[in-house]
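What follows is a set of notes on a single structure, which appears directly below.
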Amino acid sequence: MGRAFEYRKARKLKRWGNMSRTFTRIGKEITIAAKAGGPDPDCNPRLRALMQNAKAANMPKDTVERAIKKATDKDASDYKEISYEGYGPFGIAIFVEAATDNNTRTVANVRSYFNKHNGSLGTQGSLSFLFDHKCVFKIKPTEGLDIEELELELIDCGVDEVEPDEEEIVLYGAFEDYSNIQKYLEDNGYEIISSEFERIPNDLKEVTDEQRAAIEKLLDKLEEDEDVQNVFHNMKEAEEE
């Protein structure tokens, strides 16, 4: 199995465990996409993809509709997407993605979490060399589908890793190939379950149990912030017993 798949599989259950946080995260992304490309999913590929994510997460239809409506509401918050990069304790690299209507508040909060947990917030772009920015699609397999043939079929549109996972197939490609991959899958009749962006670390750092506990306190604090959408890091996950 590929590096991206192993890393993602180790952390996805924790990320999707909190239903209300998941709905809030997807809802913000839907509002941002609808504001940028319009509220009609037929004319807005990114919005269409996010609505698939909402369906996969069992997000109520009226919650999705409210998130779209927010994009045209003059009194609604105007979210901006921004990222923060820094080091946690023991030199663990941490990449934080946020969607905020008040960057001054968000950066102050993020900086305080790093400072209180023996970390430090760095400058934007300082950690980009440590992570690969990937788009990740999950599709439904069709009967008799050959994974090797699928990989050859998708390579020209930017997919560089294909992994079967339980009742779905996970595809990885470069961040900038997202729209090419989405268009190819839709044009060729593949059912997209969900799609998202991940930052996959180039190398994972081993830590002791004691160090892990200290690092996870910072990660949990970041994840709990209402402005934070995603938190990525290069700490190796604990081995399952």
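Among the residues of segment 189-203, not one is open to solvent by 60 Å² or more (accessible area, probe 1.4 Å) and assigned to a strand (DSSP E or B).
Filter segment 37-70 down to the residues that are among the hydrophobic types (A, V, I, L, M, F, W, C) and under 21 Å from the mean Cα position of the chain (by Cα) and list them by number. Hits for segment 37-70 are Leu47, Ala49, Leu50, Met51, Ala54, Ala56, Ala57, Met59, Val64, Ala67, Ile68.
The lone criterion from (1) aliphatic (A, V, I, L, M); (2) under 27 Å from Arg105 (Cα atoms); (3) surrounded by fewer than 19 Cβ atoms within 10 Å (Cβ to Cβ) left unmet by Val231 is number (3). Among the candidates Glu216, Glu143, Glu186, Glu163, the residue that is open to solvent by 70 Å² or more (accessible area, probe 1.4 Å) and more than 16 Å from the chain's Cα centre (by Cα) is uniquely Glu143.
Go over the candidates Val96, Val136, Val170, Val107 one by one and state the one that is surrounded by 13 or more Cβ atoms within 10 Å (Cβ to Cβ) and more than 15 Å from the chain's Cα centre (by Cα).
None of the others qualify; the one that does is Val107.
Listed conditions (1) open to solvent by less than 50 Å² (accessible area, probe 1.4 Å); (2) aliphatic (A, V, I, L, M); (3) at pLDDT 95 or above are all met by Ala76, apart from (3). Just one of the listed residues (Leu121, Leu127) is open to solvent by less than 60 Å² (accessible area, probe 1.4 Å) and over 20 Å from the mean Cα position of the chain (by Cα), and it is Leu121.
All of (1) surrounded by 13 or more Cβ atoms within 10 Å (Cβ to Cβ); (2) at pLDDT 90 or above hold for Asn18 with one exception: (2).
The values are calculated or read from the model by the stated rules, or taken from the named source; none is laboratory data. Note that the coordinates shown come from a computational prediction; the quantities given were computed from them, not determined experimentally. Quick reminder, even Gly has a Cβ in these numbers, built from the backbone with ideal geometry, and neighbours come from all protein chains shown. To get the accessible areas, we keep the full protein, side chains included, count just its heavy atoms, and leave off ligands, DNA and RNA. Shrake-Rupley method; radii C 1.70, N 1.55, O 1.52, S 1.80 Å.
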